[in-house]
Amino acid sequence: MNITNLQTPINYLKGVGPNRADLLRKELGIHTYQDLINLFPNRYLDRTTYYKINQLQQNSSELQIIGSITAFKEVGTHRGKRLVATFQDATGTMDLVWFRGHKWIREQLKLNTPYVAFGRVNWFNGTFNMPHPELELLEDHEKSLRSAMQPIYPSTEKLSTKGITNKVINKIMQTLFMETKGKFVETLPEFLLSELKLIPKSDALFNIHFPKSQNELSKAQYRLKFEELFYIQLQLILKNLMHKSKIKGLSFNHVGHYFNTFYNKHLPFELTRAQKRVLKEIRSDLGSRAQMNRLLQGDVGSGKTVVALMAMLIALDNGFQACMMAPTEILSIQHYTNLVSYCNTLNIRIKLLTGSTPASERKDIQETLENGDLQVLIGTHALLEEKVKFKNLGLAVIDEQHRFGVAQRSKLWKKGPVSPSHATQREEAKQAGSPSIPPHILVMSATPIPRTLAMSVYGDLDISIIDELPPGRKPVKTVHRYDKNRLKVFRFIKDEIAKGRQIYIVYPLIQESEALDYKDLMDGYESIARDFPPPEYQISIVHGKMKPADKDYEMQRFTKGETQIMVSTTVIEVGVNVPNATVMVIESAERFGLSQLHQLRGRVGRGADQSYCILMTGHKLSNDSRTRLQTMVSTNDGFEIAEVDLKLRGPGDLMGTQQSGVLNLRIADIVKDRDILQTARYYAKKVLRDDPSLSKSDHAVILSTYRSMGKYKNIWNYIS
Ligand code: ADP
Ligand code: MG
């Protein structure tokens, strides 16, 4: 049977017909033979063991027994009426019980003939009984392919009510394997099969549907998971390679005055080893003539900003402009002030552009940006506006990239028209069929995601990781407190304020219940104001309903130390830096996600003093909330937290819908099968390193499989 035959519509399969075909299409998306083969079971019932009646125990799970029916009787009346069959083996007797379908059952079942009964066993009135057993003639059972581990297929309510039960699917599957003789095209090359001891494709498909033992099943699962992950990785890596060879980048081969002066004279601290390493990775990209597309991951406070700044200085040294985009106004102001203070002796022309930049200044920015006077622009989404045109943008940095969509990332690409002074590069770009050379892109994220997941989700980005915090940081101490202990918490806050420290108190803001959240915030604010009265205490409040200017004013008061307490919704989640703040109180902490909690906690612990994070909750907590709180209390490591988050929420949810496409896996699980993922990635890389065009004969299978990938939307449509 070859691939084209597997494209045969499912209604041609014996036992399917137009009605069932229609249901299978609508309910499970099964159109062809191939789709059916790729309907992998969700789980299996182990039917490799047969129990004897005298081995039965109370409270056992589903199991199977070989025996014969010796008699039927009807017992009870009206609604309690039931059909009871005496079932006997060499060791004893038990009852099989039916509450429905008596007539049909009596007609179907043969007396004194060996059957296999499968089901859950109960203990009732001194005997064991099995209600509504699944019964199969021993003779058929021995012949059937499904005798050992019974697969349970994905199903829907509609399918089962319309009679397409698990048993029926199983039956259809058997017919399919009989018709195709179970011969399927091999989709992995010989050397991988032998090196990794993988079983052939045909065997794997057979055993995934009709495993005879746990061992056979495991081998089949491993082979199919590997294959799925291998081809996904291959696709991602190829995309990345093609991107690099096709998309010319600006070559920054010069490290000059700006970078060197900053590095040697103005850098206020020594870079950590991790910062040096990622900087080297970035520099090598910038000098490579291919466009950089790099994700810089690092926990909150790991020092990403200075790395980005130094990359920007390299762009400036090569005569290009640079920009940095942040998701909120507060954060871009902070970046701006930060960079200005780093750069004040370098005479760099740097400006801030946000939604609240006045029109006159906006105009000036646009003009100087276009004529090249302005070297660095920091700002919010405002940077993406049509009117913002650069003379020669060389590097675009995007902070907290998870806040932006892919579309926004690509908008920045188009902001890189080539200046006349780079005529050769313009020529190259023209030849490559693109009107301009895109700027290098550096995206930064403080929401660490596990490397394995990052590899799959951001396959088109290269990844640099800062996995080390600057020295001297004291880890934040985190505790969980119940609401009824609020007074103690307040006393603690007062002590900290007495030491001259500042406090954040954060309330949840969840879009759907905005009004309610707002009320919570205001109630909370009032109660805090009662406990911390002026003039001794000054409180700032910031929330989403305030005008940007008011927010900014309140933030400034807190930053300058004029207020000791900042009450806010999660607007402070991202990026704010007030080193004197040592306590982060999170109200209704059970309502926050792990990464949000971690981000919030990252607002403290930025100075030399010991900092604290206090998670306040009510008494009732779900298991997931409890896990989140415990995780926060037990670790400060963002990557570890991300792993837990991934387990709790699953990869699709974690990454948002737009990015979960590649995670639509049929058999592998990114979390549970990360070892296989590593192996698959390793081999995909190795193959492509040896033979990027997949033209070696050893790789012919990979190439043909890969080629058919484009034609189908689901990966499993081309690998079988
Ligand atoms: P994030 O990675 O969360 O964006 P920042 O770039 O805001 O972190 O850095 C956090 C703080 O750490 C800043 O105050 C910064 O000046 C400081 N910092 C960064 N790198 C170092 C370093 N190597 N040594 C000491 N302090 C550093
Ligand atoms: Mg930051």
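The values are calculated or read from the model by the stated rules, or taken from the named source; none is laboratory data. For clarity, every value in this text was computed on a predicted model and none was experimentally measured. All Cβ positions, glycine included, derive from the backbone under ideal geometry; neighbour counts span all protein chains shown. For accessibility, only protein heavy atoms count, side chains too; no ligands or nucleic acids. Shrake-Rupley method; radii C 1.70, N 1.55, O 1.52, S 1.80 Å.
Structural remarks
- Candidates Lys389, Lys415, filtered to the one that is away from ligand 2 (no atom under 16 Å from the Cβ), in contact with an Asp or Glu (Cβ under 6 Å, 6 or more places away or on another chain), at pLDDT 60 or above and at negative phi: Lys389
- Taking the stretch 1-75 as the region of interest, the helices (runs of 4 or more DSSP H) fully inside it that hold 1 or more residues being small (Gly, Ala, Ser) and either at pLDDT below 90 or in contact with a Leu (Cβ under 9 Å, 6 or more places away or on another chain) (or both) are 17-28.
- Residue in the stretch 462-470 that is at pLDDT below 85, assigned by TED's automatic domain parsing to the domain that holds Ala326 and open to solvent by less than 20 Å² (accessible area, probe 1.4 Å) present: no
- Meets criteria (buried (at least 20 other Cβ atoms within 10 Å of the Cβ), more than 16 Å from ligand 2 (Cβ to nearest atom) and assigned by TED's automatic domain parsing to the domain that holds Phe558) for Ala642: no
- Residue list for the stretch 124-145, restricted to those being surrounded by fewer than 14 Cβ atoms within 10 Å (Cβ to Cβ) and assigned to a strand (DSSP E or B): Phe124
- The residues listed here are Leu331, Leu352; of these, the one that is out of contact with any Pro (no Cβ under 9 Å at 6 or more places or on another chain), open to solvent by less than 20 Å² (accessible area, probe 1.4 Å) and farther than 21 Å from Leu271 by Cα is Leu331.
- Selection count where residues are open to solvent by 60 Å² or more (accessible area, probe 1.4 Å) and closer than 17 Å to Glu496 by Cα, scope the stretch 536-558: 2
- Options Arg626, Arg649, Arg707; residue that is at pLDDT 90 or above, open to solvent by 50 Å² or more (accessible area, probe 1.4 Å) and among the basic types (Lys, Arg): Arg626
- For the stretch 138-155, the tally of residues that are modelled with pLDDT of 85 or more and touching a strand residue (DSSP E or B) at 6+ places or on another chain (Cβ under 6 Å) stands at 3.
- Residues in the stretch 154-186 that are part of a loop (DSSP other than H, G, I, E, B) and surrounded by fewer than 20 Cβ atoms within 10 Å (Cβ to Cβ): Pro154, Ser155, Thr156, Lys162, Gly163, Thr165, Lys181, Gly182, Lys183, Val185, Glu186.
- Picking from residues in the stretch 310-328 that are surrounded by fewer than 24 Cβ atoms within 10 Å (Cβ to Cβ) and within 16 Å of ligand 1 (Cβ to nearest atom), the one that is farthest from Ile365 (Cα to Cα) is Met310.
- One residue stands out in the stretch 559-568 among those that are closer than 19 Å to Val585 by Cβ and not in a strand (DSSP E or B): the one that is least open to solvent (accessible area, probe 1.4 Å), namely Thr563.
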